[in-house]
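The values are calculated or read from the model by the stated rules, or taken from the named source; none is laboratory data. Predicted model only: the values in this text are computed from it and were never measured. No Cβ is skipped: glycine too gets one built from the backbone with ideal geometry, and neighbour counts run over all protein chains shown.
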Amino acid sequence: MIRVVLPAHLRGLAHIAGEVQVEIKGPVTQRSVVDALEASYPMLRGTIRDHVTQQRRPFLRFFACEEDLSHESPDAPLPDAVVAGKEPLLIVGAIAGG
Amino acid sequence: MSGVRVLVGTRKGAFILTSDGKRERWDVSGPHFAGWELYHLKGSPVDPNRLYASQCSGWFGQIIQRSDDGGKTWTQPGTPPGEQAAPGGPPKAESNKFVYDTSAETGKPLTTHQFYDGKQHPWEFKRVWHLEPSLSDPDTVYAGVEDAALFRSKDGGKSWQELSGLRGHGTGPKWQPGAGGMCLHTIVLDPSNPKRVFVAISAAGAFRSDDAGETWQPINRGLKSEYIPDPEAEVGHCVHRIAMHRSRPGVLFMQKHWDVMRSDNAGDLWKEVSGNLPTDFGFVVDVHAHEPETIYVVPIKSDGEHFPPDGKLRVYRSRSGGNEWEALTKGLPQRDCYVNVLRDAMAVDSLDKCGIYFGTTGGQVYCSADAGDNWAPIVRDLPAVLSVEVQTLA
């Protein structure tokens, strides 16, 4: 299972607490993880990536294993530790605004 | 016993204020959707327990929320809480999907608009400013959005379709964003004619459809805006708000960036009725529930300041449909007050006597239970208020 940590606002929207776990069949990438997340929690569609362009929303970033993966290809494999479930994929809201 | 429910959208959540018909003691519920911007909430005139809310965030985009129990519980239409899509099942959660129409001939963007640098710019969806439930069907609701366009849902907010005749009628390239963005912020439905809809856009002006939103025409004749190259242009005016009394749908009142205006022919021609106002800039305008010639504005000092003149928060009332105005001050701060009252932040109830409500960027929501003669704050310390709507409950 792939572990995902969401920002608090999205946890509230999806009515979940703590980490989310999703099952991925096939390559584990940013795209496949967000696809699985949106399939399980459809209310998150459009909040992490744009409905139409599928681009990551500008004020959200993807981190794992202490690395910023935000500018990696959405189809690049995620780190082995994420695939093995040892580390979560962190979806983080930019610290900005009032 | 009759009562009122006041729906308040703020920068950091929604609040619901309820009272009996006396409007003296209030229950405050909220914050709902804490931390999110709530641009607007509004109830269906057909089913008062059906509420729609526009929830948005610079981080996470647009969310539409719906309540079927008067605001006690909320769901994103199509995705009840806890419900998950079946594996391989049909995609859900289209309730926050606002996609602009493209040209049927070319498949390319329908049109472009003028950007701050004077160049043409494609439409980009940012947020829903205003939700206007249908007068006859609780599942039909209109959404005015930024970048300016009109969408409609016929399934209780589950999915949205653009009424693209508005952007596509030809003047789109002349529309431009105001300081708050290029937003469609006002939707007025004609209670006597289900095919007639009015909208207003900053900064394009007012538009009318007589065929239920399929085709549109600008209705800006008589407006004069000295801040645009042609002050009497067909489009380009920064209209802030339009109000109508349901008994006289052909009479419209407008608060423009500068000037308070009225039209007696459904927008075909406007005339200025600013009269003796201390400043004719402001955002809100509304009409007394039982007196169609009694109207209200809150003059604001502009352009650079956007607070009440002289630090005195005054609602101005005209009992003559404009031109002659009286200041309403009892119970409102008359010194050191530097808040703003934004365009969707005034509403009236239909009790007798008519109640008037408005919210400020300082977080106060004021109520007058006697048509403006006396005012009292319902709440003083909310986040900045973006919108106020009121429901009169049987």
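Some points to look at:
- Listed by position, the strands (runs of 3 or more DSSP E) contained in region B:248-295 that have at least 1 residues being of a type in the set (Phe, Trp, Tyr) are B:252-256, B:282-287.
- Among (1) closer than 29 Å to B:Ile187 by Cβ; (2) in a loop (DSSP other than H, G, I, E, B), the one test that B:Val298 misses: (2)
- When region B:1-47 is filtered for residues that are part of a strand (DSSP E or B), among the polar types (S, T, N, Q) and surrounded by fewer than 23 Cβ atoms within 10 Å (Cβ to Cβ), the ones remaining, listed by number, are B:Thr18, B:Ser19, B:Ser29.
Conditions tested, residue by residue: (1) small (Gly, Ala, Ser); (2) surrounded by 21 or more Cβ atoms within 10 Å (Cβ to Cβ); (3) over 18 Å from the mean Cα position of the chain (by Cα); (4) over 25 Å from A:Thr53 (Cβ atoms).
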| position | (1), (2), (3), (4) |
| --- | --- |
| B:Asp117 | no, no, yes, no |
| B:Trp123 | no, yes, yes, no |
| B:Glu132 | no, yes, no, yes |
| B:Val141 | no, yes, no, yes |
| B:Ala148 | yes, yes, no, no |
| B:Ser153 | yes, yes, no, no |
| B:Lys158 | no, no, yes, no |
| B:Gly168 | yes, no, yes, no |
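- So A:Thr53, is it in a loop (DSSP other than H, G, I, E, B), modelled with pLDDT of 95 or more and under 25 Å from B:Lys158 (Cβ atoms): no
- Residue under evaluation A:Pro74, criteria (1) closer than 29 Å to B:Gly157 by Cα; (2) not in a strand (DSSP E or B), criterion not met: (1)
- Hits in region B:18-57 (condition: of a type in the set (A, V, I, L, M, F, W, C) and closer than 15 Å to B:Trp74 by Cβ): B:Phe33, B:Ala34, B:Trp36, B:Leu38, B:Leu41, B:Leu51, B:Ala53, B:Cys56
- For region B:48-74, the set of residues classified as assigned to a loop (DSSP other than H, G, I, E, B) and either away from chain A (no Cβ under 13 Å) or among the hydrophobic types (A, V, I, L, M, F, W, C) (or both) consists of B:Pro48, B:Asn49, B:Arg50, B:Trp59, B:Phe60, B:Asp68, B:Asp69, B:Gly70, B:Gly71, B:Lys72, B:Trp74, listed by residue number.
- Looking only at region B:218-245, residues that are small (Gly, Ala, Ser), closer than 22 Å to B:Gly170 by Cβ and under 22 Å from the mean Cα position of the chain (by Cα) come to 2 in all.
- Complete set of residues in region B:110-140 that are part of a loop (DSSP other than H, G, I, E, B) and in contact (Cβ under 8 Å) with a residue 24 or more places away in the chain: B:Leu110, B:Thr111, B:Phe115, B:Tyr116, B:Trp123, B:Phe125, B:Lys126, B:Ser134, B:Leu135, B:Ser136, B:Asp137, B:Pro138
- For region B:75-89, the tally of residues that are more than 7 Å from every other protein chain (Cβ to nearest Cβ) and either within 30 Å of B:Gly165 (Cα to Cα) or at pLDDT 95 or above (or both) stands at 2.
- A:Ala94 falls short of the stated requirement of being at pLDDT 95 or above, in contact with a strand residue (DSSP E or B) (Cβ under 9 Å, 6 or more places away or on another chain) and surrounded by fewer than 19 Cβ atoms within 10 Å (Cβ to Cβ).
- Selection within region A:77-96: residues that are assigned to a loop (DSSP other than H, G, I, E, B) and touching a residue at least 12 places away in the same chain (Cβ under 8 Å). The member of this set that is nearest to A:Arg49 (Cα to Cα) is A:Ala94.
- Of all residues in region A:17-76, those satisfying the criterion of being farther than 18 Å from A:Gly93 by Cβ, surrounded by 13 or more Cβ atoms within 10 Å (Cβ to Cβ), more than 11 Å from the chain's Cα centre (by Cα) and within 11 Å of chain B (Cβ to nearest Cβ) are A:Ala39, A:Ser40, A:Pro42, A:His51.
- Complete set of residues in region B:330-368 that are touching a Pro at 6+ places or on another chain (Cβ under 6 Å) and of a type in the set (S, T, N, Q): B:Gln364
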